[in-house]
């Protein structure tokens, strides 16, 4: 057996900020080297950030990325880290175009790659074979697939290198790892958080470790990028399925671990496998403490994902503060607490915007929350702003209800323009699914923290957050009344959501069936729901696509999303409910 | 030689309205049969409309579509049209899933298909081989590719059937048409309009006709579907490259033509080719007039595309009228005339919303246009609506400028909610590219008629539309002053666009290079543009992605689009201009 000390660098890149991302990798390499590591591995595309979308089709972006990777190799050498073998993810190109269609259609000119750096140079580069093109991934559209497996022999141990989707597909490069007799399988990942994803991801890594009889070193990115949240949770599993080390979720970390891997043998290389030979100095290796993080429970993971998604959107887009409307209801309460957890209460500006229809409890619940959480809090009554519109234009009924919501949007955007706040829009996934919102009104905002959280889960998270506070002897941030009272938009006298919508537990269950599980309307009825309710909900969902298209970005936390997972036509007039 | 009478049914389906789409096909079949056709061919997915996006992953949608196709075959029989061979496009499924990734990821369960109907039955079905996944197409993501070529032998002539992208790719089913000795190549298309597309599409059809020594019958859909405009322009080309018939652009048409095709031979079928044998009665064939439409010039095509995109979005989404702000500037003037051309001046409601900064010429130019075009026209001054916000919130500077635009947005949406108008947003492509607009202000609206038209082209179209009117002895709709005066947002005293932006001819040229041609900033400078200007424009473009994401749908009329052609990260912080 050969012993290697591995370092898994779980970094949080800013997309396009090549210099900052390289500094993160250098910092990680310093920590890895100080702990005596032989080999460090980053996440997928750690040099550029991920996903790079159509930047993959810009030659100048590819040239700059490759330059940054070469420069990183030199910087490692300059800082005395040249001996450490570093495997980094980056786009590689421009290459001969893979023509996707006609000669005037866009082409793919890049690989999604991992390069092995040592002694100031790129020693070899692997190109991802399997390009995912489902859910949030569009890689088949923008990358050229690779067809060669790369093995880096490091101090006599063969380390096979693959990227993310390569691990998930049967066949492909991973199936050749066994033939190639590798001791370690290094996997660079950009694997977004989803609820319960650790229930598929860890078993997969374990299964592949056993199948290929290797030690799998699974490195994931961490951080928010637009509507994705990478959760880290990097892990090392041996060929018996034992977890040797595991990094925490949702924060940067360098996970260092010793592995005893099979010695390389000099069998002939299978077809399409390339091998490079590297050695590191036999430098002193300090003792390592075990480093196996435990995952918190489902709701805490979810909360942390929402917090990180929000924090990184604010920070990476260089906002210093956020503003949001605080209604006393549950959605804005949860968003305010998420914001305070993400960037500190002192950077959160809440605005109460009562109308003539706002109840006393709305104001007092909003006051109460602001007080508990310690965020900035002001009141801007809307009556004097709404009335001139109503009078001049003669607006009544629904037009008047929407007007109130839009006046609130104008207030928040005005404060944003004056003070530089990012406006948060507080709508939940259930509302978005059925279009229960005012476009350019309560939908105003640059980021939607709970966009992918159904209403019933919003309540659950609120209760969890209060319990979490109580368990730590802190003040419960969310007033009980905001959790327990019937939800209302308060746009007309005595209005509650259930005047227009089915009860939220029924609505969320129908949405899960119709949207999440893609069941037809008739199949949803067969599950036991009332036909008229199913017809109404499916009609609302089919008509709400134009609103969803114009929605703000928000963290995706489930496989059942309404963003790119659900690309539907706006002009869609089914003859009957299907 | 065998003579066949072909009918190319250029229909305009409404996505999802299976009953209405089937009626369109039945109507076309009636016309085809009355003219003695043996074989009718529709466009791609004529039964459902195209593109169906993620509806392809809903089993219930697929079942309903296949039911509709079977029902259509029976309806043809019931109406005495059972003898006519009809090839229709529709999705076909659900089939065994093509697993795209993990077991919990979405899967593809449908083919993009063409079925041959006769005597009340589906006789055979072809599945598209090449699934485009570039530009506006995402088919690889949602469909299973086919692997068998289908030949329908009709009265002794072999008709090979392929679908759209199959024709564009070298290799694949079309390359087997020659081996299969087919006499006619029927191609079902959903090919969206782009500027100058006829310069690639017709030469391609011609080249394939010559290469395969067949008569190519190229049938395209017509109509607007969200941001796509299908232009029709169906065409029949013989093996010498001669155009035998051509349908008009932008309207429904049944193109009937006689073709003299090679007789079928009884050579062995190549692998993966299936053949079915059909005959039609030797019914009387009335004489046919030649039917070869001529394409109008580039600007007229473009105008017609914008008109159809707007008309179909309004009609298919069941609006009866549109509303828009009329500023006296060129963008809103062009949008108003497009709307009048699309749905009739009597359904267009223009609102002048002057502020304290509005010039006299703004109002008079708006008045003048409304008068010339005959649209509804009202004035809603904004001063009394803006002031309460400014006073209550203390808004100044940019916040005050944006406030004016947002108050206008609230007015238009209020009128929309009261009267059911679809609001048009009048921003052009240049503004959208650099983010020169107020979010929730002038960007308010459900449809953006000139979203894909650069500012310099807006002027060109305005001049063309006036010339077109003059050539027909009609009043020129657009006041000369709206075309010739310097563009201004009029949000502060004396403001003109060129205070903030480079001259539009320079700006559009830089955008074409940076966005359209995907050149790096340095390469754009090398073309001869001022470095500071290039840096400023590229910075604006990179920062405007979040606004573009929240934009309204609008017709796509060029390969250089900012919608799905250009999927970029919002959080993107390049270290330097790349």
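Can you work out the base-10 log of I(q)/I(0) for region B:136-181 at q = 0.14, 0.18 1/Å, using the Debye formula on its C-alpha atoms alone?
Rounded to two decimals, the profile gives -0.40, -0.62.
Kindly give the distances from residue B:156 to its copy-mates, label point to label point, with each label point 7 Å from Cα along Cα→Cβ, as nm values to one decimal ordered shortest first.
8.2
What number does chain B give for Rg over Rh if you use C-alpha atoms and the Kirkwood radius?
Rounded to two decimals, Rg/Rh equals 1.02.
Going highest first, how would you order A:458-469, A:33-44, B:277-288 by mean Cβ packing within 10 Å?
Top of the packing list down: A:33-44, A:458-469, B:277-288.
In chain B, what percentage of the DSSP-assigned beta bridges are antiparallel, given to the nearest 5?
Details: 41 of 79 bridges.
Beta bridges within chain B, antiparallel portion: roughly 50 percent.
How much of the DSSP bridge set in the protein assembly as shown is antiparallel, in percent, rounded to the nearest 5?
On the way: 82 of 158 bridges.
Expressed as a percentage, antiparallel bridges in the protein assembly as shown total about 50.
Could you tell me, in Å, what Rg and Dmax come out for the Cα atoms of region A:260-342?
In Å, with Rg to one decimal and Dmax whole: 24.4, 70.
When the helices in the protein assembly as shown are scored as -39500 (n - 2.57) per DSSP H run of 4 or longer and the sum is shared across all residues, what 222 nm value do you end up with, to the nearest 500 deg cm²/dmol?
-11000 deg cm²/dmol, from helical runs alone.
When you look at the Cβ of every residue in B:138-146, what mean number of other chain Cβ atoms sits within 10 Å? All intermediate terms of the calculation are to be shown ahead of the outcome.
Details: counts 6, 0, 7, 9, 3, 0, 0, 0, 0.
Counting other chains' Cβ atoms within 10 Å and averaging over B:138-146 gives 3.
Using a 7 Å offset from Cα along the direction of the beta-carbon, what are the separations from residue B:276 to the same position in each other copy, nm, ascending?
5.6
Between residue B:361 and residue A:371, what FRET efficiency comes out of the Förster formula 1/(1 + (r/R0)^6) with R0 = 51 Å and r the beta carbon distance, rounded to 0.05?
After rounding, the FRET efficiency stands at 0.40.
Output the peptides B:424-437, A:219-232 sorted from most to least packed, where packing is the average of other Cβ atoms within 10 Å over each peptide's residues.
Peptide ranking by packing, descending: A:219-232, B:424-437.
Using only alpha carbon pairs under 8 Å that are at least six residues apart, calculate the relative contact order of region B:302-448 and give it in whole percent.
25
Tell me, what is the Rg over Rh of region A:1-71, with Rh the Kirkwood radius over Cα pairs?
Reported Rg/Rh, Kirkwood definition of Rh: 1.06.
Translational diffusion coefficient of region B:235-285 at 37 °C, 0.692 mPa s, Stokes-Einstein with Kirkwood Rh over Cα pairs, in µm²/s as a whole number.
For the chosen part, D equals 223 µm²/s.
Projected area of region A:355-425, taken from the Cα convex hull and averaged over every viewing direction, in nm²?
On the way: hull surface 22.6 nm².
Average of the hull's projected areas for region A:355-425 equals 5.7 nm².
Run through all the Cα pairs of region A:1-134 and give the fraction in each 10 Å bin from 0, expressed as whole percent.
Pair shares across the bins are 13, 43, 29, 12, 3, 0.
Using Cα centres only, tell me the gap between region A:190-238 and region B:189-255 in whole Å.
Cα centroid of region A:190-238 versus Cα centroid of region B:189-255: 48 Å apart.
Quick check: residue separation of residue A:463 and residue A:387 times 0.36 nm, minus the Cα distance between them. What number comes out in nm?
23.6 nm
Based on the mean of other beta carbon atoms within 10 Å per residue, what is the order of A:391-402, A:188-199, B:366-377, most packed first?
Ranked from most to least packed, the peptides come out as A:188-199, B:366-377, A:391-402.
Find the percent of Cα-Cα distances in region A:488-578 that exceed 18 Å, and round it to a whole number.
Numbers: 2114 of 4095 pairs.
Here the long-distance tail beyond 18 Å is 52 percent of all Cα pairs in region A:488-578.
Can you give the relative contact order of region B:127-218 as a percent, counting alpha carbon pairs under 8 Å and 6+ residues apart?
Reported as a whole number, the value is 24 percent.
Could you work out, for region B:437-506, what percent of all Cα-Cα pairs fall into each 10 Å distance bin, beginning at 0 Å and stopping at the bin that holds the largest distance?
16, 39, 36, 9, 0
Could you compute Rg(Cα) / (2.2 N^0.38 Å) for region B:295-367, with N its residue count?
Taking the Cα Rg and dividing by 2.2 N^0.38 Å, one obtains 1.24.
For residue A:23 and residue B:498, what does the FRET efficiency come to when R0 = 45 Å and r is the distance between their Cβ atoms, rounded to the nearest 0.05? Before the final figure, lay out the partial values.
Numbers: r = 40 Å, r/R0 = 0.89.
So, using R0 = 45 Å, E works out to roughly 0.70.
If Rh is defined by the Kirkwood formula over all Cα pairs and Rg also comes from Cα, what ratio Rg/Rh do you get for region A:299-498?
Details: Rg = 16.0 Å, Rh = 16.9 Å.
On the Cα set of region A:299-498, Rg over Rh gives 0.95.
Shielding by partners for A:54-60, please: the mean number of other protein chain Cβ atoms within 10 Å of each residue's Cβ.
The mean count of partner-chain Cβ atoms within 10 Å per residue comes to 6.
In 10 Å bins starting at zero, report the fraction of Cα pairs in the protein assembly as shown per bin as a rounded %.
2, 10, 17, 21, 21, 16, 9, 3, 0, 0
State, in angstrom, two size descriptors of region B:172-262 derived from its alpha carbons: Rg to one decimal place and Dmax to the nearest whole number.
13.3, 41
For a Förster distance of 45 Å, can you work out the FRET efficiency between the beta-carbons of residue A:346 and residue B:119, rounded to the nearest 0.05? Don't skip to the answer; put the middle values down first.
On the way: r = 77 Å, r/R0 = 1.71.
That pair, residue A:346 with residue B:119, gives E of 0.05.
With a cut-off of 8 Å between alpha carbons and a minimum separation of six or more residues, what is the relative contact order of chain B in percent?
Computed over chain B, the figure is 12 percent.
Using only atoms on other chains, find how many Cβ atoms lie within 10 Å of each Cβ of peptide B:391-402 and report the average.
Averaged over the peptide's residues, the number is 4.
Rg (Å, one decimal) plus Dmax (Å, integer) for the alpha carbons of region A:389-470?
For region A:389-470, the Cα radius of gyration and maximum Cα-Cα distance read 15.6, 51 Å.
For region B:128-161 and region A:439-483, what is the separation of their C-alpha centers, rounded to whole Å?
After rounding, the separation between the Cα centres reads 49 Å.
Computed from the coordinates by the stated procedures, all read-outs in this text should not be read as laboratory data. What you see is a predicted model, and the numbers here were worked out from it, not measured in a lab. For neighbour counting, all protein chains shown are included, and Cβ atoms are generated from backbone atoms with ideal geometry for every residue, glycine included.
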